[in-house]
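Worksheet: the structure to be examined is printed underneath.
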Amino acid sequence: MTGDERLREEQPASDERAGSAEQATAVSGVPAHYAPEHAVMPDGPLGAPRVLVNDVAPSGVSRRSAFRRVVVGLALAGVLVGVLWAWLAPSVQGVVALTRAGERIRGYVGDEADHLFAAAFVMLGLLSVVAVLSAALAWKWRSQRGPAMVTALTVGMVLAGGVATGVGAALAHWRYGSVDVAGAPISPEHRVHYVIEAPGVFFGHTPLQIAATIIVPAGLAALLYAICALSSTRDDLGAWPPVEASVLAPPVTVDGVLP
């Protein structure tokens, strides 16, 4: 077989490969050179068109708009968490008593003081559930994966924690009111007055205890997103735009033969 005949036989095959690459680009909307291996996969059965290895469509939402949507969505989720907590959190039954010395003291009946811890734990648990779900949904938004999304997730969860605790505390105070020790109807004849106290949203009143309820869910969401990012096999996390991988081709001679 002469050299001219060989070139004539190889020319249709190269034209077919180029046409398949253009067809895959038209179907997926992603240039063929964005594929990790810089190539398209072989034809499927029954003449199915070739598809790209990383077939991800460009997003119609900008990074800034996606950031705002995540933050606002988590803030609204914080409102729902606050309402749900105010409905689920157990109340605390307390007592205002008059001592023999004429002093008014305040205490709790039985193990009712444990409800203060239980209520704070319910708030932390609800925010943790929101953190897990939001991290999963943020990762599913494939075209927006990256540092901007995990930043929006963290900021949004901190905002959700603040909104949830604020809304929950306000609703609990509206539902149960506040304990007025000085105005309790007690006297030497009736030394004990029972009251219902609103549960607390925090484990305590120190800055560290308050931060534990607000920051821990945000850290959990960021950690889960980081685990998903580490499990990805691509440097661009499969997001848009795909990052073109550098491939070092082996040296060849003029005749196309390895040296």
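Please work out the FRET efficiency for the pair Arg104 and Leu223, using the Cβ-Cβ distance as r and a Förster radius of 51 Å; give the result to the nearest 0.05.
That pair, Arg104 with Leu223, gives E of 0.60.
Can you tell me the FRET efficiency between Val129 and Leu208 if r is taken as the Cβ-Cβ distance and R0 is 22 Å, rounded to the nearest 0.05?
That gives a FRET efficiency of 0.45.
Between Ala97 and Ile215, 0.36 nm times their residue separation minus their Cα-Cα distance comes to what?
The span from Ala97 to Ile215 would gain 38.7 nm if fully extended.
Work out how much length Trp87 to Ser62 would gain on full extension: take 0.36 nm times their residue separation and subtract the Cα-Cα distance, in nm to one decimal.
5.2 nm
Across bins of 10 angstrom width beginning at 0, how are the C-alpha pair distances of segment 63-231 distributed, in whole percent?
11, 32, 25, 16, 9, 5, 2, 0
Using the Karplus curve 6.51 cos²θ - 1.76 cosθ + 1.60 with θ = phi - 60°, work out ³J(HN,Hα) for each residue of segment 88-99 in order, rounded to whole Hz, and write x for Gly and Pro.
8, 5, x, 6, 10, 8, x, 8, 10, 10, 10, 7
Out of residues 5 or more away from Arg145 or on other chains, whose amide H comes under 5 Å of its own, with H placed 1.01 Å from N in the peptide plane?
HN-HN under 5 Å from Arg145: Trp240.
Per residue of segment 129-135, what does 6.51 cos²θ - 1.76 cosθ + 1.60 with θ = phi - 60° give for ³J(HN,Hα)? Whole Hz please, x for Gly and Pro, Karplus curve as stated.
Listing the rounded values in order: 4, 4, 5, 5, 5, 5, 5 Hz.
Given H placed on each backbone N at 1.01 Å, which residues far from Glu197 in sequence or on other chains put an amide H within less than 5 Å of it?
Correct list: Val92, Gln93, Gly94.
Within segment 102-134, which residues have the backbone N less than 15 Å from the label spot 7 Å out from His173 along Cα→beta-carbon, could you tell me?
Under 15 Å, as judged by backbone N against the label point of His173, lies no residue of segment 102-134.
Values in this text are rule-based calculations from the coordinates and carry no lab data. Remember, predicted model here, so these are calculated numbers, not experimental data. Cβ coordinates were reconstructed from backbone atoms using ideal geometry, including for glycine residues, and neighbour counts include every protein chain displayed.
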